[in-house]
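All remarks here apply to the structure that follows.
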Amino acid sequence: MPKNHGEAPVLDALAAYREQDELAFTPPGHKQARGAAPEVRAVLGDAVFLGDVLASGGLDDRRTRSAVLRRAEALMADAVHAEHAFFSTCGSSLSVKAAMLSVAAHGEKLLVGRDAHKAVISGLILSGIQPVWIEPRWDTERHLAHPPPPDAYERAFEAHPDAKGALVTSPTPYGVAADLRAIAEVCHRRSRPLVVDEAWGAHLPFHQDLPTWAMDAGADVCVTSIHKMGSGLEQGSVFHLRGDLIDHDTLASRADLLGTTSPSVLLYAGMDGWRRQMALRGHTLMSHALALAASVREEVEALDGMHVNGREDFCGPGAGCEFDPLPVVIDVRELGVSGYAAADWLREHHHIDAHLMDHRRVSTQLTHADDAETVKRLTTALRDLARRAHSLPRGPEVAVPAPSELRMEQARLPRDAYFTATEDVPVEHAAGRIAAEMVTPYPPGIPVVLPGERLTEPVLRYLLSGLEAGMNLPDPADPELRTVRVCANDGS
């Protein structure tokens with residue numbers, strides 16, 4: 001039976017809750033904003049509190065007989081060509097862990113691209129899954145990693161036929177997508193599932209000029225962050241399921257194991273409303289966003305000292321397969337400044353917040369929410385940066401290692417290294433020791449150092465020079481990296 005995408009079950013239930021004047025003697029304790037501090041209400045507005053009700057025993061009855069959430073998830077699955085959809089209010093960081101735990105268990109192998117987000121590494125630590133690392137394609141000219149190719153997964157399965165499945169990150173935060181159809185075919189010839197961390201791809205099902213959506217490419221599970229490229233609130237995530245290589249009830253159980261028992265109805269409502277918006281008007285909205293992106297790319301490319309990375313830079317032999325133009329990635333190397341300095345300058349002087357920055361690039365992500373006014377403000381700020389860059393302080397060079405130096409030996413499983421006895425050693429004495437923590441430049445959140453890797457001088461030099469240039473390292477015990485947490489019993 002065709003689905004009615006004009007419905008929004010969560011939003012409709014919230015409206016009914018207000019119309020019926022329900023009076024709750026349950027959490028949340030603010031009781032529909034009445035108990036919230038006036039100063040808080042002045043900043044957040046009452047609408048936030050009015051939408052903050054219990055999912056069961058509030059939005060729905062205590063036995064969820066109206067199936068509000070299930071109906072919303074069924075509509076989401078239908079909109080994006082999946083068989084099942086699961087809403088998560090703990091972000092894709094939880095969703096990808098649930099997917100991993102549905103494929104492999106403690107001590108079992110999973111093929112994982114080494115360009116995975118730190119949430120995947122956290123899943124390895126928690127689960128004890130043994131990663132078989134798949135090397136991404138490395139652009140030595142631009143110092144940038146692209147998703148691993150299909151033949152890398154083929155070779156890994158041949159070497160590890162007992163691997164339970166594969167995980168690939170696509171698209172990357174830079175907008176580069178893997179050849180998902182071919183990778184899925186590699187997996188399915190062996191009756192192994194493919195999990196796609198598609199956190200940056202929630203918008204992909206809604207326009208043919210965007211990279212192939214993982215469900216359409218044959219993935220078994222894909223994980224999306226609705227708050228990244230969609231209209232949902234932060235932490236809103238949906239993971240989708242197709243086929244029978246991953247059991248529905250197992251995936252639901254893993255999500256329940258990891259998820260909160262107090263889900264935010266606000267986040268459910270944001271995801272539900274975004275699905276309706278895109279199902280009804282998604283193609284038009286994405287067409288407009290793509291046209292805006294094209295105009296921004298053309299205008300910025302004309303500025304002296306700036307180059308907008310495009311399909312010709314990121315896709316082709318030895319690089320990525322497909323390209324999303326909405327992350328407008330600008331190489332500022334010829335301006336003589338780092339991406340860190342450029343991003344800081346844009347925020348300080350124009351109140352423009354960049355999405356991602358590294359030693360030579362700054363990314364200004366566009367979505368369907370942008371319009372002529374927002375892109376004019378962006379291009380005005382970038383034009384000003386191009387004019388004034390010569391007066392910015394010359395930052396230190398970041399010592400980016402060659403690909404052969406960037407990858408370190410995995411001396412222990414991530415879980416074993418993380419949960420062992422540790423000690424903090426001065427960074428100048430850390431080379432040769434086994435890391436017991438992640439060290440992750442953020443954004444984009446792809447760890448340079450994993451627990452269990454044997455630290456090397458080139459990697460430590462890269463991180464230290466990056467810190468000096470403006471890199472942010474939020475997760476090590478010492479974010480300034482004066483010390484590094486290592487395994488106490490690593491034989492050194």
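Accessible surface calculations at 1.4 Å, restricted to protein heavy atoms, place the chain at 43 Å² per residue. A simple spin-label model places the labels of Asp209 and Glu108 4.3 nm from each other, with each point 7 Å out along Cα-to-Cβ.
Spatially, segment 373-387 and segment 221-246 are offset by 33 Å when compared through their Cα centroids. Of the solvent-accessible surface of segment 100-147, computed with a 1.4 Å probe and all protein chains present, 49% belongs to carbon and sulfur. Multiplying the residue separation of His349 and Asp256 by 0.36 nm and subtracting their alpha-carbon distance yields 29.0 nm.
On full extension, the segment bounded by Glu312 and Asn472 gains 54.7 nm, given 0.36 nm per residue less the C-alpha separation. For Lys3, no residue has an amide H sitting under 5 Å from its own, ignoring neighbours fewer than 5 places away on the same chain, with H placed 1.01 Å from N.
Across segment 135-166, the residues whose backbone nitrogen lies under 14 Å from the label position 7 Å along the beta-carbon direction of Ser465 are 143. The shape of segment 155-288 comes out oblate: with a ≥ b ≥ c from the C-alpha gyration tensor, a/c is at least 1.5 while a/b does not beat b/c.
Each residue of segment 470-481 is assigned a 3J(HN,Hα), and the resulting list reads x, 5, 10, 10, x, 9, x, 4, 10, x, 8, 6 Hz, derived from the Karplus form 6.51 cos²θ - 1.76 cosθ + 1.60 (θ = phi - 60°), x at Gly and Pro.
3J(HN,Hα) along segment 359-368: 5, 9, 10, 9, 10, 10, 7, 9, 9, 5 Hz, from the Karplus curve 6.51 cos²θ - 1.76 cosθ + 1.60 with θ = phi - 60°, whole Hz, x for Gly and Pro. Taking θ as phi - 60° and the Karplus parameters 6.51, -1.76 and 1.60, the scalar couplings of segment 390-407 work out to 5, 8, 6, x, 6, x, x, 6, 8, 7, 6, x, 5, x, 5, 8, 6, 8 Hz in sequence order, x denoting glycine and proline. The ellipsoid that matches the Cα gyration tensor of the chain has semi-axes, each √(5λ) in whole angstrom, of 35, 29, 24, with the longest given first.
This model, with +1 at the C-beta of Lys and Arg and -1 at the C-beta of Asp and Glu, gives segment 1-154 a dipole about its Cα centre of some 420 debye.
Maximal additional length on extending the His188-Ala47 stretch stands at 46.1 nm, based on 0.36 nm per residue less the C-alpha distance. The simple Förster model, with R0 at 51 Å and r as the Cβ-Cβ distance, assigns Asp304 and His160 a FRET efficiency of 0.55.
The values are calculated or read from the model by the stated rules, or taken from the named source; none is laboratory data. Just so we're clear, the structure is a prediction, and the values are computed from it rather than from any experiment. Neighbour counts are summed over all protein chains in view; Cβ atoms, including those assigned to glycine, are modelled from backbone coordinates with ideal geometry. Heavy atoms of the whole protein, side chains included, go into the accessibility calculation; ligands, DNA and RNA do not. Shrake-Rupley method; radii C 1.70, N 1.55, O 1.52, S 1.80 Å.
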